[in-house]
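Any read-out appearing in this document is the output of simple, stated calculations on the displayed coordinates, not a laboratory observation. Since we're looking at a predicted model, the values are computed, not measured. Cβ placement follows ideal geometry from the backbone for every residue including glycine, while neighbour counts extend to all protein chains displayed.
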Amino acid sequence: MSALDTHVAVHKGNSMLTEKRDLRGGKSLWQDYPGGAIRPRTTLSRVTCDVAVVGAGVSGALVALALTNAGHDVVIVDRRSPGSGSTAASTAMIQFELDVPLRELSDKIGARKARRAYRRSLQAVADLSDLISKNKLACDWRDREAVYLAGNELGPVALRREAAARKSAGLPSSYITAQNLFDATGIERGGAIISQGAGELNPAKLTAAALLSAKKRGCRIYSGHTISRVEGAGKGVVLATSDGDEIQCSKAIFTTGYETVEGMPKAQFDITSSWAIATRPVDAKQLWPGRSLIWEASDPYLYVRTTPDNRVIAGGEDSSLKNPNRRDRAITAKSEKLLNALNQLLPGRGFELDYAWAGAFAVSPSGLPIICTIEGQPNCMAVLGCGGNGITFSMIASQIVESWVNGARDPDAALFEEAGK
């Protein structure tokens, strides 16, 4: 789950259900597990480069790494410190499965396009795993299966049909009965879809490692600078900061989430608030077999994963709440609901709360990301990873952007351009 205006909190040493207090002003789980010191430059002045990337979160980091690996001179600029914003709020469940089921997506955009979107997402997870391995990005990557539980939106019959649609599309998913589900996870539900090709990681470590790898290849990273104006300049682009500094580049990529630049199709997405918790570490024997990623076909829904130090991360309770202060004040109540739901899903463990945080993320009607050139801004591209597959979409975006910068066109580019129309 991704978020940009991130409001995070920490509650350590006591169960939230036994001690309530103001949780604002803390930090998310990932901020206690830094991936390495990134020392960005603060004095920008006048800079020239091949490509400027605006936004130093996970999307910007993966885009910058792809471009530096391809030999381009890259500059990254962000008004925040690297890896903050949406990256700090992510729960980093890396799946090919989209928020919108395949059969529903087929109704929205057509069966051929829906199958392509799912297959590209599956390939992106594999590509991300390969990228992490080849570039030796220390980010706690673990291969996982994903289990999609029957719920109040899709029951066992609907999940059987979804599994059949996925099988016909060549996706590694299959339906399992209630008994097989219990044997695999210890969870009692009417049935589920189990999928291969998923994973989990630490998003702060991934972002830091990707940025450091890009930096070793010459990428320059600046923080504390807000881009206030974008202007065409011949065959290139000039990015002006609020301090009067400038970046002159041939191409500009905006990986700023829903904080969009002029020309971005804002009407095609909405902002949703979400909440997440992380438990205290438990004995590994208390966790479910295989430590699969688990999520529900329900509203409200719950999703859970583990960490290397035997915590359980749970998230959900999404709402249309947009005011950041109200979202922040809701952390206590939402965290109680998430902890209760987790203990009901996996009874007998007595999970206790350690961290709680909240943030906002963008959603598109199709659940697909928006990756497109920006109307009225030549040589500029925007990346908006809508929905709960932000890091998977970041990988896709890095590939589409690399092709575009190299003067080529990714074969699936139209899928993600259309998501913004």
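At a glance:
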item	result
Phi-based couplings in Hz for region 67-78 (Karplus 6.51, -1.76, 1.60; Gly and Pro marked x)	6, 5, 4, 8, x, 8, 7, 10, 10, 10, 9, 8
Test item: Cα-centred dipole of the chain, Lys/Arg +1 and Asp/Glu -1 on Cβ, debye	420 debye
Relative packing of 273-280, 234-241, 160-167, which averages over residues the other C-beta atoms within 10 Å, highest first	273-280, 160-167, 234-241
Unit charges at the beta carbon, dipole of region 328-405: most positive-side option, 342, 388, 368	342
Rh by Kirkwood over Cα pairs, then Stokes-Einstein D for region 193-328 at 1.567 mPa s and 4 °C, µm²/s	67 µm²/s
Charged-residue dipole, Cβ positions (Lys, Arg, Asp, Glu), region 314-378 about Cα centre, Debye nearest 20	180 debye
Neighbourhood charge, 15 Å Cβ-Cβ cut-off, centred on residue 315 and excluding it, Lys, Arg +1 and Asp, Glu -1	-3
Net charge of neighbours whose Cβ lies under 12 Å from the Cβ of residue 120, counting Lys and Arg as +1 and Asp and Glu as -1	+1
Helix axis angle, 331-345 relative to the chain longest principal axis, alpha carbon, degrees	50 degrees
Separation in nanometres of the label points that stand 7 Å from Cα toward Cβ, at residue 174 and residue 127	2.8 nm
Area projected by the alpha carbon convex hull of region 268-320, averaged over all directions, nm²	4.8 nm²
FRET efficiency, 1/(1 + (r/R0)^6) with R0 60 Å, evaluated for residue 235 and residue 286 via beta carbons	0.50
Integer Hz, Karplus 6.51/-1.76/1.60 couplings in order for region 127-143, x for Gly and Pro	5, 5, 4, 5, 4, 4, 5, 5, 9, 6, 8, 6, 9, 6, 5, 9, 5
Sequence-distant residues sharing a close amide H with residue 282 (under 5 Å, placed H)	311
Answer label for volume of the Cα convex hull per residue in Å³ (calculated), chosen among (i) 275; (ii) 145; (iii) 128	(iii)
Degrees between helix 156-168 axis and first principal axis of the chain (Cα, 0 to 90, nearest 10)	50 degrees
Around residue 401: net Lys/Arg minus Asp/Glu count, Cβ-Cβ under 10 Å	-1
Amide N of region 390-421 lying under 19 Å from the label point, which is placed 7 angstrom from the Cα of residue 69 along Cα→Cβ	390-413
Two-site label geometry, residue 167 and residue 183: point separation in nm, points 7 Å out along Cα→Cβ	1.7 nm
Linear extension gain, residue 418 paired with residue 48, 0.36 nm per residue minus alpha-carbon span	130.0 nm
Rel. contact order, % - alpha carbon contacts under 8 angstrom, at least six apart, the chain	27 percent
Charge dipole (the chain, unit charges on Cβ, about Cα centre) - positive-most of 400, 131, 197	131
For the chain, with +1 on Lys and Arg beta carbons and -1 on Asp and Glu, the positive-most of 152, 332, 31 along the dipole	31
Contact order relative to length of region 220-342, as percent, for alpha carbon pairs under 8 angstrom and 6 or more apart	19 percent
Distance in nm between pseudo-label sites at residue 119 and residue 160 (7 Å out along the Cβ direction from Cα)	2.7 nm
Cβ-placed point charges (K, R +1; D, E -1), dipole of region 28-100 about Cα centre in debye, nearest 20	420 debye
